[in-house]
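Accompanying notes for the structure given below.
The values are calculated or read from the model by the stated rules, or taken from the named source; none is laboratory data. Here the structure is a predicted model, which means the values were calculated and not measured. Every residue, glycine among them, receives a Cβ derived from its backbone with ideal geometry; neighbour counts consider all protein chains shown. These area figures cover heavy atoms from the full protein model, side chains too; ligands, DNA and RNA do not enter into them. Shrake-Rupley method; radii C 1.70, N 1.55, O 1.52, S 1.80 Å.
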Amino acid sequence: MNSSAPYTVHTHELNPPLPQPISGPSTASPMDLLILQVKAFLDAAEDVEVGPETIQELLQLIADRQTTNVVDLEPTPDVEDEDDEWLPGQEHNDVELDISALFTNAHDETWTKEERKEMISFLKERGMGHFVRKYAINRAIPIPTLLLAFGIKLCPELQNRSNPTLYYFLRVAMWKELRLREKLSEYNTISDAVNLIRNSKRMLILTGAGISVSCGIPDFRSRNGLYAQLGDYELDDPQQMFDINYFRENPSVFYSFASQIFPSNFVPSSCHRFIKLIEDKGQLLRNYTQNIDTLETVAGVKRVLQCHGSFATATCLLCRRRVPGSEIESDIMRRKVPLCPVCNPPSSSTSTSTPKNGKKISKKKAKGEWDSDCEDESDAPTYPPGIMKPDITFFGEKLTDDFDRSLEEDRDNVDLLLVIGTSLKVAPVADILSHLPHSVPQILINKTPIRHINPDIILLGNADDIVTYICAELGWDLPPPTSSSSSSPSPFAGRMQPPRGNIKKRSSSGLEEEAEEGRQEPRRVDHRHVFVRTQLY
């Protein structure tokens, strides 16, 4: 990496004025090197978990130095990449974060080349926890010494920081290394992908919105996706619709739109049924889905983890009472804000149209719709406490403990990773690939490439078409389509919603009919491990 590249703090809480870097780490003065390294560690906080005490400790170092060395900053212009996919509110940046100031070109003999290779290999196979336990705890190797194995030589002022801060430095180094997965050279072809799927005994399948698009459910980030449909709402960022803090302040905004993403009588796609087939054959370790539509459950998949929750249940924000999602369905479809009946007994239920401050609100707000022309002059809350929220994970909320527990259990058992229909933009699900052993083969099935991962085989095109082709190569028959009305696990039955926006919907059963008329083998790209499947329609 170019050490003279601009160093930009991306997180708004970590944005103090910093001296402009004037030289690379190998030639920088001691004061410059301290600023450069602190700045790099602060930048890494976008991707690596860090405590507020560590942030404060690093910011104090900068503040102390600035009193003796202040250099004006020239603003770095934002350069837009013409090739970037249209991604409003991008969470997981494809551009590699520049923390080159941490690395030194100076020769260091603390670790031999063989020792470094052994340590990095151990990290990639066993993960961060085992690495820390083996080297930092059991062998009691000082963290500044461990960092030398990663090519990081801390300046003297950073070597005597507090333990939490030193461990954060180590996590940054490990995170950087784990993102650098090398492709397994023995897997390259369609036949390799088919054989891997045939022989896998403990397959981990990671899925996203792309497997539900053919069902009539739009994805989030494509040009015709959900975020593109939020232009009529007065939002600073489309992601505000799913921001927990914004929801607490303005639940009516979410509920004015929720009916359009509420799961209904949709038919699972070929991808959903493919996962069910893998499970029926005893080969599924677990399906990690980022979707909230519950179509995996409708398809009959049992070993599924809904990483971002679902509409299947809802919880009161005040008393934490949980109910089946069907109990708030009528309010959602009427675009009303559902209230907890315990916190708001029937005698006070009229408060949805009469705020606590006694003022009437507009007809739009009374229906649960957002009225941008209505301004509340009071700071009193528009809605009473006890708002019901679907148990989907909003931005600003942590994933459930089930996610961490399942991933810890599965990482030592998985023998194949299959990624289908996701751009891997939202952490921590997007980081699953880094946390699994790097020796586990990875197959990507997606409409477009993903630049920040390095799978072994890439199959580009319509996901339903690709899994249908793979099943044909395997000699497998997909289970017949099912709908939520015929599947008991799903509480959402009896209502069919039309596709929204410009979503093109076709029946899942039609895929097999078209495949029988003439299977089309994916086309290889430049003798590489990338294949493109031309859509059948």
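Things worth noting here:
- Residue check, residue 276 crowded, with 21+ Cβ neighbours inside 10 Å, under 30 Å from residue 194 (Cα atoms) and modelled with pLDDT of 90 or more: yes
- Among the conditions (1) open to solvent by 30 Å² or more (accessible area, probe 1.4 Å); (2) within 17 Å of residue 393 (Cα to Cα); (3) in contact with a strand residue (DSSP E or B) (Cβ under 8 Å, 6 or more places away or on another chain), residue 286 misses just one, which is (2).
- Neighbours by Cβ (under 8 Å, 6+ apart or cross-chain): first from segment 54-65, modelled with pLDDT of 90 or more; second open to solvent by less than 20 Å² (accessible area, probe 1.4 Å) and not aliphatic (A, V, I, L, M): 54/165; 54/168; 57/165; 58/41; 58/165
- Just one of the listed residues (174, 203) is over 21 Å from residue 476 (Cβ atoms), in contact with a helix residue (DSSP H, G or I) (Cβ under 8 Å, 6 or more places away or on another chain) and open to solvent by less than 10 Å² (accessible area, probe 1.4 Å), namely 174.
- Residues of segment 293-336 that are within 18 Å of residue 384 (Cβ to Cβ), of a type in the set (A, V, I, L, M) and either open to solvent by 10 Å² or more (accessible area, probe 1.4 Å) or assigned to a helix (DSSP H, G or I) (or both): 317, 318, 328.
- Among residues of segment 29-48 being in contact with a Pro (Cβ under 9 Å, 6 or more places away or on another chain) and open to solvent by 20 Å² or more (accessible area, probe 1.4 Å), the one that is modelled with the highest pLDDT is 33.
- Enumeration of residues in segment 92-129 that are modelled with pLDDT under 50 and of a type in the set (D, E, K, R): 94
- Residue match in segment 349-368 (condition: surrounded by 15 or more Cβ atoms within 10 Å (Cβ to Cβ) and at pLDDT 50 or above): no
- Of residues in segment 104-161 being without any contact (Cβ under 8 Å) to a residue 24 or more places away in the chain and part of a loop (DSSP other than H, G, I, E, B), the one nearest to residue 57 (Cα to Cα): 160
- Among residues of segment 177-200, those that are among the hydrophobic types (A, V, I, L, M, F, W, C), in a helix (DSSP H, G or I) and surrounded by fewer than 24 Cβ atoms within 10 Å (Cβ to Cβ), counted: 5
- Test: residue in segment 149-164 that is among the hydroxyl-bearing types (Ser, Thr, Tyr) and either in contact with a Phe, Trp or Tyr (Cβ under 8 Å, 6 or more places away or on another chain) or under 28 Å from residue 440 (Cα atoms) (or both): no
- Sole residue being in contact with a strand residue (DSSP E or B) (Cβ under 8 Å, 6 or more places away or on another chain) and modelled with pLDDT under 95, chosen from 478, 459: 459
- Qualifying residue in segment 233-250 (condition: part of a loop (DSSP other than H, G, I, E, B), modelled with pLDDT of 80 or more and open to solvent by less than 40 Å² (accessible area, probe 1.4 Å)): yes
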